[in-house]
1. Efficiency by 1/(1 + (r/R0)^6): what FRET value for residue 32 and residue 244, r their Cβ-Cβ distance, R0 = 45 Å, to the nearest 0.05?
2. May I ask you to sort 123, 197 by Cβ crowding, counting other Cβ atoms within 10 Å and putting the fewest first?
3. If amide H atoms are built 1.01 Å from N in the plane of the peptide, which residues on other chains or at least 5 residues away come under 5 Å of the amide H of residue 202?
4. Cα-based Rg of the range 127-173 per 2.2 N^0.38 Å, rounded to two decimals?
5. Residues of the range 298-329 with the amide nitrogen closer than 19 Å to a label point 7 Å from the Cα of residue 277, along Cα-to-Cβ, please.
6. List, in order, the whole-Hz ³J(HN,Hα) value for each residue of the range 155-170 obtained from phi through the Karplus relation with A = 6.51, B = -1.76, C = 1.60 and θ = phi - 60°; use x for Gly and Pro.
7. Let me understand the range 128-281 better: what is its radius of gyration from the alpha carbons, and its Dmax, in angstrom?
8. If amide hydrogens are placed 1.01 Å from N in the peptide plane, which non-local residues have theirs closer than 5 Å to the one on residue 306?
Amino acid sequence: MAKLTSEYKNWLVELKSKIRSTQIKAAIAVNSELINFYWELGKMIAEKENAWGSKLIEQVAKDLQREFPELKGLSSSNLKYCKRFYQFYYLQLVQQAVGLIGQQLVDQLQNTENEQLVFMKQLVTQIPWGHNIFIFTKSKNTNEAIFYIQKTIENNWSRDVLDLQIKSNLYNRQGKSINNFKATLPEPFSDLANQTLKDPYIFDFLTLAAGYKEKDIEKQLVQHITKFLLELGKGFAFIGQQYHLEIAVTDYYIDLLFYHTKLKCYVVIELKNTKFIPEYAGKLNFYLSAVDSLVKDDTDNATIGILLCKDKNNIEAEFALRDIGKPIGISEINFTEMLPDSLKSSLPTIEEIEAEFKNGNL
């Protein structure tokens with residue numbers, strides 16, 4: 001802004017007054033008040049930028065930092081985040097309202113905060129600013145953003161864990177397994193169990209060489225139990241690997257046995273390093289009957305089975321579960337196989353690739 005108009009100066013006075021009032025209340029360090037302030041700051045900037053031009057943020061940042069040198073969060077980059085923060089939620093909610101009630105009524109509502117906007121403001125103030133930035137810059141819509149905010153609150157995720165969950169596309173994986181929970185579990189237990197499962201499960205922390213077997217996957221999952229539990233989700237408690245059951249004088253071994261503290265039930269996980277075939281569901285159903293009879297307490301809910309396969313056909317999986325009496329979910333697993341040494345040696349190194357770029361050959 002080359003020319004500072006009297007209107008801008010009056011607006012800046014109003015903005016400074018808002019900051020001072022926040023400081024006086026000693027609320028600038030309290031997360032909820034800070035997020036509320038960033039929301040209002042983003043709103044004020046968004047409303048004036050169209051009239052005063054794209055250089056408004058740089059000018060405001062200079063003026064505010066000159067007036068409040070001790071305060072963080074008034075840089076031009078953070079002010080841009082504040083504007084994006086407000087616009088991400090406000091504009092999407094307005095667009096949804098246009099589709100539902102028409103533009104004329106939306107125009108009448110633009111100067112008031114509808115219930116959805118109030119809900120969003122209350123929700124975003126429950127997580128730190130850094131978490132908010134991750135969510136509104138990486139989510140495609142408000143539904144996805146709400147999912148990650150609620151999961152962050154529920155699981156007390158750090159920023160690194162939140163970033164990992166967003167990168168793994170948890171929003172589009174959770175509750176997506178093929179299962180028979182509606183037919184085998186009562187409401188609302190069936191819905192809770194469904195939301196516990198994902199498809200696919202991503203075990204990118206595994207380092208498996210070519211020719212690996214199911215026991216190799218199992219061994220590494222247990223070795224990386226913290227990361228494994230993070231991918232499984234909140235509530236899973238590890239009971240044992242190759243859990244022994246004796247049935248009719250015959251020994252059987254469950255790949256992995258867990259107890260889910262929220263669902264109040266045992267969870268049997270079977271690993272298959274192949275494409276799903278219907279016989280797998282029958283074997284897992286057998287294990288669930290055994291755990292219900294030999295391990296489960298009277299106060300526990302029905303044992304749930306999770307079958308993790310390298311690949312599956314959804315229609316085939318649905319047919320396999322249709323008449324199964326025990327609750328089973330079927331999901332795929334994704335991980336990266338290690339390259340064999342013979343192939344590694346044939347690939348160019350980073351240094352060789354850089355040299356090719358310098359020589360103009362790539």
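Every number in this text was worked out from the coordinates using simple rules, so none of it is lab data. Predicted, not measured: the structure shown is a model, and the values here were computed from it. Because the Cβ atoms are built from the backbone with ideal geometry, glycine has one as well, and the counts that use them run over all protein chains shown.
1. On the way: r = 51 Å, r/R0 = 1.13.
E between residue 32 and residue 244, to the nearest 0.05, is 0.30.
2. So the residues, fewest neighbours to most, are 123, 197.
3. 334
4. Working: Rg = 9.2 Å, N = 47, 2.2 N^0.38 = 9.5 Å.
This ratio for the range 127-173 stands at 0.96.
5. Residues 307-322 qualify, since their backbone N sits under 19 Å from the label point.
6. 9, 6, 5, 6, 5, 5, 5, 4, 4, 4, 5, 5, 5, 7, 6, 4
7. Every Cα atom of the range 128-281 included, Rg and Dmax give 17.4, 59 Å.
8. Amide H neighbours of residue 306, under 5 Å, 5+ apart: 268, 269, 270, 329.
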